[in-house]
Amino acid sequence: MTSIRPMVAGNWKMNGTTAALREPRLLAGMLRDVKLKCDVMICPPATLIRRAKSVMKGSKIKLGGQDCHAAVSGAHTGDISADMLKDAGATSVIVGHSERRTNHKETDAQVAAKAQAAHKAGLTAIICIGETLDERKGGKTLEVLTGQIKGSIPAGSTASNTVVAYEPVWAIGTGLTPTTKEVEEAHAHIRAELAKVMGEEGAGTRILYGGSVKPSNAAELMGVANVNGALVGGASLKAVDFIGIIKAYL
Ligand code: PGA
């Protein structure tokens with residue numbers, strides 16, 4: 001079996017101004033003498049990436065963006081390019097988060113174009129997929145995941161430039177989580193589908209679970225087969241909570 005280095009990534013969403021930099025500073029301190037068995041990443045608002053990098057100077061914690069435009073530059077008011085995120089100090093970028101797919105009507109094709117832009121800039125694309133509650137209730141979960149994988153993962157994706165995050169939409173920010181059996185089924189399906197679109201690279205690609213991950217459920221969720229880490233929203237905002245999740249891998 002391929003050994004996959006897990007990743008625990010925190011998605012701050014639209015939260016945090018200068019005062020919030022105290023949290024990455026604290027986290028860097030907590031992890032200073034720890035031999036990490038996983039990659040740890042924070043995806044703060046783009047305005048904080050450069051400063052977060054400087055407050056964590058010397059730390060192993062990586063930084064990521066939360067979205068990027070598919071184009072390199074141009075007339076796209078309010079958008080940010082993958083190159084700009086890289087320049088600010090990011091090594092990854094989340095694309096296709098369900099909040100982008102819902103609030104900004106992003107399609108699989110747009111998500112794939114963003115992931116491709118991330119790859120071109122030398123960033124790892126963290127590509128999010130996941131079913132809605134209606135889709136789960138309708139027995140369509142695996143079918144939806146297949147469609148999103150086929151549509152959102154661009155050609156040229158490899159185990160090193162791509163991470164897939166399975167986030168059931170109904171579990172995000174709700175405190176609800178799928179059962180470990182449901183997580184196992186979804187992740188096994190994703191692993192099999194990745195082989196179809198990525199060939200051999202699919203076997204080594206990290207598949208993160210996301211949606212209401214907390215210190216209290218992290219060890220159980222991270223222990224499920226084919227779960228190679230977590231994408232964490234609310235519980236990544238405070239270093240004391242986030243470390244409680246990272247501990248699943250210490
Ligand atoms: P949550 O968010 O951990 O707050 O549920 C997860 C996410 O949206 O990535």
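The values are calculated or read from the model by the stated rules, or taken from the named source; none is laboratory data. This is a predicted model, so every value here is computed, not measured. Positions of Cβ are backbone-derived with ideal geometry, glycine not excepted, and every protein chain shown enters the neighbour counts. Keep in mind that these areas ignore ligands, DNA and RNA; they rest on the heavy atoms of the full protein, side chains included. Shrake-Rupley method; radii C 1.70, N 1.55, O 1.52, S 1.80 Å.
Given the condition of a type in the set (A, V, I, L, M, F, W, C), closer than 23 Å to GLY10 by Cα, away from the ligand (no atom under 16 Å from the Cβ) and in contact with a strand residue (DSSP E or B) (Cβ under 8 Å, 6 or more places away or on another chain), answer yes or no: does some residue in the range 125-143 qualify? Looking through the range 125-143, none of the residues is of a type in the set (A, V, I, L, M, F, W, C), closer than 23 Å to GLY10 by Cα, away from the ligand (no atom under 16 Å from the Cβ) and in contact with a strand residue (DSSP E or B) (Cβ under 8 Å, 6 or more places away or on another chain). When we screen VAL93, VAL111 for residues that are within 16 Å of the ligand (Cβ to nearest atom) and part of a strand (DSSP E or B), the only hit is VAL93.
Is it true that some residue in the range 36-48 is surrounded by fewer than 16 Cβ atoms within 10 Å (Cβ to Cβ), over 20 Å from the mean Cα position of the chain (by Cα) and either hydrophobic (A, V, I, L, M, F, W, C) or modelled with pLDDT of 95 or more (or both)? No, because not a single residue in the range 36-48 is surrounded by fewer than 16 Cβ atoms within 10 Å (Cβ to Cβ), over 20 Å from the mean Cα position of the chain (by Cα) and either hydrophobic (A, V, I, L, M, F, W, C) or modelled with pLDDT of 95 or more (or both). Residue-level check: of (1) away from the ligand (no atom under 16 Å from the Cβ); (2) small (Gly, Ala, Ser); (3) open to solvent by 10 Å² or more (accessible area, probe 1.4 Å); (4) in contact with a strand residue (DSSP E or B) (Cβ under 8 Å, 6 or more places away or on another chain), SER59 misses just (4).
For the range 97-107, the count of residues that are more than 17 Å from CYS43 (Cβ to Cβ), more than 16 Å from the ligand (Cβ to nearest atom) and open to solvent by 30 Å² or more (accessible area, probe 1.4 Å) is at least one. Under 7 Å between Cβ atoms, which residue pairs at least 6 apart in sequence (or on different chains) link something in the range 154-165 that is within 16 Å of the ligand (Cβ to nearest atom) with a partner that is open to solvent by less than 30 Å² (accessible area, probe 1.4 Å) and small (Gly, Ala, Ser)? Final answer for the pair search is ALA165/GLY210. Just one of (1) assigned to a helix (DSSP H, G or I); (2) touching a residue at least 24 places away in the same chain (Cβ under 8 Å); (3) surrounded by fewer than 24 Cβ atoms within 10 Å (Cβ to Cβ) fails for LEU85. It is (3). Number of residues in the range 225-250 that are basic (Lys, Arg) and farther than 15 Å from PRO44 by Cβ: the value is 1.
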